[in-house]
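Any read-out appearing in this document is the output of simple, stated calculations on the displayed coordinates, not a laboratory observation. This one's a predicted model, so the numbers in the text were calculated from it and none came from an experiment. Cβ atoms come from the backbone with ideal geometry, glycine included; neighbour counts cover every protein chain shown.
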Amino acid sequence: MARLLGVDLPRNKKMSVALRAIYGVGPKVAADVLAKVGIHGDKSSNDINEEEVQAIRTALDEYTVEGDLRREIALNIKRLKDLGCYRGIRHRKGLPVRGQRTHTNARTRKGPAVAIAGKKSIKAMK
């Protein structure tokens, strides 16, 4: 099993798909890296040798991926929160940031729905 940038590549996958396990590597970056290194995208991740892994590792150094990308995104969000701008406030409150409606939907950002307890009836108190 090949290990790149602290990530184990999945077994029995095409290299063009296996490279996407790395945070920040999508279809285009994976295709570009494989073309630069000279590895066919249909080659299985089980069949690559150590020299090819090293070549992929050096080709990925040109891109911002994994830890550096996560850190950069976290710092961008922290900057927005510190500024107190609209997007930063939405991040702080855990609400959708890009203008989506919140009356319905938005369950991914807001979390699971919480039931509100019904109003106590006056008849029940007598």
Paired Rg and Dmax values of region 69-110, which use every Cα atom, in angstrom: 11.1, 33
Pairs beyond 23 Å (Cα-Cα), from K28/K93; K78/K110; K14/K36: K28/K93
Hey, what do the phi angles of region 10-24 turn into as Karplus ³J(HN,Hα) couplings, whole Hz, using 6.51/-1.76/1.60 and θ = phi - 60°, x for Gly and Pro? x, 7, 6, 10, 5, 4, 5, 8, 5, 5, 6, 5, 7, 4, x
Taking Cα centroids, how far is region 9-38 from region 63-92 in Å? 26 Å
Highest first, please rank the peptides 25-37, 46-58, 103-115 by the mean number of other Cβ atoms sitting within 10 Å of their residues. 25-37, 46-58, 103-115
Radius 11 Å from Cβ of V29, net charge of other residues (Lys, Arg +1; Asp, Glu -1): +1
Label of the coordinate-derived value, log10 I(q)/I(0) by the Debye sum over Cα atoms at q = 0.10, 0.18, 0.19, 0.20 Å⁻¹, listed as (i) -0.51, -1.12, -1.16, -1.20; (ii) -0.36, -0.98, -1.08, -1.18; (iii) -0.54, -0.93, -0.96, -1.01: (iii)
